[in-house]
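Peer 1: Pasting in a structure now, in structure tokens, and then I'll have a few things to ask.
The values are calculated or read from the model by the stated rules, or taken from the named source; none is laboratory data. No experiment lies behind these values; they were computed from the predicted model shown. Quick reminder, even Gly has a Cβ in these numbers, built from the backbone with ideal geometry, and neighbours come from all protein chains shown. Surface accessibility is based on the protein's heavy atoms, side chains included, excluding ligands, DNA and RNA. Shrake-Rupley method; radii C 1.70, N 1.55, O 1.52, S 1.80 Å.
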Amino acid sequence: MAMPLPEEFCTRMQSLLGEEYDVFLASYDAPRAGGLRVNPQKCTPEKFAETAPFSLTPVPWTREGFCYGETDRPGRHPWHDAGVYYMQEPSAMAVGALADPKPGERVLDLCAAPGGKTTHLAGRMAGEGILIANEIHPSRSNILSQTVERMGIPNCAVLCETPARLAQHFPGYFDCVVVDAPCSGEGMFRKEDIAVTEWRPESPAMCAARQAEILDEAAEMVRPGGRMVYSTCTFAPEENEGSISRFLERHPEFSITAVDAPWFAPGQPSWTENGHPDTARTFRLWPHRLRGEGHYAAVLHKTDGEEGGIQTVTPMRNRDIPSEWPDFCRDTLTAPLTGVLVRQRDTLWIQPEGFPDLSGLRVRRAGIELGVLRKNRFEPAHALSHALPASQFLRCANFPSDSAEIGRYLHGDTLPTNQPKGWCAVAADGCVLGWAKSAGGMLKNHYPKGLRRKG
């Protein structure tokens, strides 16, 4: 056990778990499960399982998830830089699996940073529909934006807003809203020492009050017939069955959906005052019962209310599209991109048809950043390289992921090449890492300086 657990926490858990408490406590001395989740827009889970140089075990509750071996270091592999997978603790994968959005749906991840659940939702949506990922804290929203870029998500907007402002903008709009609520973090005690040091006996009550406010705003954004998935990474009943029971009292238009998830334990209505009996249909993930950390999740269905609409983004007129962009496409890509072009000063973006107008909101990114208009030329953005497969580039320098060339590219070095002159994608095992510019038998490195590996 990395750090002693808070005495008040242990007393409460012993009271709740009874004879099971000793096994629960022993789980804190067991090795943590390392997990990753494949990005299906870049690789199928089946192909990844066949080709990945890791010791993999499938995560049973999500088809994209794997646990990896204790000696594996997938975070250092070039496929991670290419957005082929996202490093995620296995229990946290339950939320995206329970939400299970379909291509074409409108989905909101309300408390989204650092992006694990957003990327899971995006994978299930297969680039179709509208995905809004929101994070209220500016620095964390920047991290979220970087994650969305690395994973090459084409139909996502990253916002930095309060739930209240979003509720005003998106009333009755979403098919699915995911609320991974701020919580006391008790389920992360084994994973993160800071979760232990920051915990206080009053933390669950304080977090429950904040959760109530967030849930009320989230409820306004679910369309009739839509669903909301609530989750925490804590064991505290006040924040789990308690928060959902109080929410159902305030919102009779919602009910708990029964979902078949045999890997998880049921919620415990008796663990909280006036616990709603249907919270037995919610889920608890225990670290001593499965390979993962502590989580809680509930799936709720909205049965009544008014469906809202929203104005969509206005496409650029053909005559307003700068000639540098179609010239770049003809010279660099095998086919033009489809979608709505948007210009923000000298930066071009492309968004799916029907993307919502986000005017008045704090937007970190919306759609795919294409690049910047310079004097008589177009300079592509790193995001564009990650949003397209290698087959869509006219020039692509592909190297084995374990080659010296890939190591040098990620370090920022220039490489020799036989590629024709022009912008060129650089790939590891066919997975695109970024841009280079070919000229005179050399690839001038355009991998972002902030992402380059040291040493």
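Peer 1: What nm distance separates the two modelled labels at Val363 and Asp304, each placed 7 Å from Cα along Cα→Cβ?
Peer 2: With each label point 7 Å from Cα toward Cβ, the separation is 3.6 nm.
Peer 1: If I model a spin label at Gln168 and Ile143 as a point 7 Å from the Cα along the Cα→Cβ vector, what separation in nanometres do I get?
Peer 2: For the pair Gln168/Ile143, the computed spacing is 2.9 nm.
Peer 1: Right, here's the next one. In whole Å, what is the distance between the alpha-carbon centres of region 91-125 and region 354-377?
Peer 2: 22
Peer 1: For region 174-295, what's the relative contact order in percent, using C-alpha pairs closer than 8 Å and at least 6 residues apart? Show your work: numbers first, answer last.
Peer 2: Details: 187 pairs, mean separation 34.5, N = 122.
About 28 percent, as a whole number.
Peer 1: Carbon and sulfur atoms: what percent of the 1.4 Å accessible area of the chain do they account for? Before the final figure, lay out the partial values.
Peer 2: Details: 9520 of 19560 Å².
Ligands and nucleic acids excluded, carbon and sulfur give 49 percent.
Peer 1: Report the one residue of Gly294, Ser255, Gly267 whose Cα lies farthest in the direction of the positive end of the charge dipole of region 245-317 (charges on C-beta: Lys and Arg +1, Asp and Glu -1; origin at the Cα centre).
Peer 2: About the Cα centre, the residue reaching furthest to the positive side is Gly294.
Peer 1: Moving on. Using the Karplus curve 6.51 cos²θ - 1.76 cosθ + 1.60 with θ = phi - 60°, work out ³J(HN,Hα) for each residue of region 373-382 in order, rounded to whole Hz, and write x for Gly and Pro.
Peer 2: Once θ is set to phi - 60°, the couplings for region 373-382 become 7, 9, 5, 6, 7, 10, 10, x, 7, 4 Hz.
Peer 1: Answer rounded, prolate or oblate for the chain, using the Cα gyration tensor with square roots of eigenvalues a ≥ b ≥ c: rounded when a/c is under 1.5, else prolate when a/b is larger than b/c, else oblate. Each step should come with its number before you reach the end.
Peer 2: Working: a/c = 2.42, a/b = 1.48, b/c = 1.64.
The shape class here is oblate.
Peer 1: Search the structure for amide H atoms under 5 Å from the amide H of Val432, placed 1.01 Å from N in the peptide plane, and list their residues when 5 or more places away or on another chain.
Peer 2: Correct list: Ala390.
Peer 1: Oh, and also: Near the amide H of Gln88, under 5 Å away, which other amide H atoms are found, from residues 5 or more places off or on another chain, if H is placed in the peptide plane?
Peer 2: HN-HN under 5 Å from Gln88: Gly35, Leu36, Arg37.
Peer 1: While we're here: Run lengths n ≥ 4 of DSSP H only: what is the helix-derived mean residue ellipticity at 222 nm for the chain, with -39500 (n - 2.57) per run over all residues, to the nearest 500? Show your work: numbers first, answer last.
Peer 2: Details: 14 runs with 123 residues, N = 455.
The per-residue figure over the chain is -7500 deg cm²/dmol.
Peer 1: Tell me, what is the per residue accessible area of the chain in Å², probe radius 1.4 Å?
Peer 2: Details: 19560 Å² over 455 residues.
It amounts to 43 Å² per residue over the chain.
Peer 1: Next up: Using R₀ = 60 Å, calculate the FRET efficiency as 1/(1 + (r/R₀)^6) where r is the Cβ-Cβ separation of Arg377 and Glu70; round to 0.05.
Peer 2: Numbers: r = 49 Å, r/R0 = 0.82.
That pair, Arg377 with Glu70, gives E of 0.75.
Peer 1: Give the calculated FRET efficiency between Asp193 and Asp402 to the nearest 0.05, with a Förster radius of 35 Å applied to their Cβ-Cβ distance.
Peer 2: About 0.55, to the nearest 0.05.
Peer 1: Over region 131-225, what is the mean sequence separation of C-alpha contacts under 8 Å (at least six apart), divided by residue count, expressed as relative contact order in percent?
Peer 2: On the way: 89 pairs, mean separation 30.9, N = 95.
Relative contact order, region 131-225: 32 percent.
Peer 1: Take each complete run of DSSP H in the chain, measure how far its Cα atoms stretch along the helix's own axis, and keep only those covering 24 Å or more with mean Kyte-Doolittle hydropathy at least -1.0; list them.
Peer 2: On the way: long enough: 203-221 (28 Å, 0.05).
Answer set is 203-221.
Peer 1: Using amide H atoms built 1.01 Å from N in the peptide plane, name the residues 5+ places from Val340, or on other chains, whose amide H lies under 5 Å from its own.
Peer 2: Close amide H contacts, sequence-distant or interchain: Gln351, Glu353.
Peer 1: Can you flag which of Lys102/Lys454; Lys102/Lys375; Lys375/Lys449; Lys117/Lys437 are past 31 Å Cα-Cα? Spell out each step's value before the answer.
Peer 2: Values: Lys102/Lys454 40 Å; Lys102/Lys375 42 Å; Lys375/Lys449 23 Å; Lys117/Lys437 34 Å.
Among Lys102/Lys454; Lys102/Lys375; Lys375/Lys449; Lys117/Lys437, the Cα-Cα distance tops 31 Å for Lys102/Lys454; Lys102/Lys375; Lys117/Lys437.
Peer 1: Still on this model: R0 = 56 Å: FRET efficiency of Asn418 with Ala30, Cβ-based, nearest 0.05? Before the final figure, lay out each step's value.
Peer 2: Numbers: r = 52 Å, r/R0 = 0.93.
So, using R0 = 56 Å, E works out to roughly 0.60.
Peer 1: Follow-up question, since we're still on this one. At Glu213 and Glu353, where each label point lies 7 Å from the Cα along Cα→Cβ, what is the point-to-point distance in nanometres?
Peer 2: Going from the Glu213 label point to the Glu353 one covers 4.2 nm.
Peer 1: Specify which residue in the list Asn142, Ala97, Thr234 is farthest towards the positive end of the charge dipole of the chain, using unit charges on the beta carbon of Lys, Arg (+1) and Asp, Glu (-1), about the Cα centre.
Peer 2: Sorting the options by dipole projection puts first Asn142.
Peer 1: When only C-alpha pairs under 8 Å and at least 6 residues apart count, what is the relative contact order of the chain, in percent?
Peer 2: Details: 969 pairs, mean separation 61.5, N = 455.
Over the chain, the number comes to 14 percent.
Peer 1: Next question, about the same structure. From the square roots a ≥ b ≥ c of the eigenvalues of the alpha-carbon gyration tensor of region 311-455, which class results: rounded (a/c under 1.5), prolate (a/b over b/c), or oblate? Each step should come with its number before you reach the end.
Peer 2: Details: a/c = 2.20, a/b = 1.76, b/c = 1.25.
It comes out prolate by the Cα gyration axes.
Peer 1: To the nearest 20 debye, what is the magnitude of the charge dipole of the chain about its Cα centre, counting +1 on the Cβ of each Lys and Arg and -1 on the Cβ of each Asp and Glu? Mind showing how you got there, number by number?
Peer 2: Details: 48 positive and 56 negative charges, 478 e Å.
Dipole magnitude for the chain comes out near 2300 debye.
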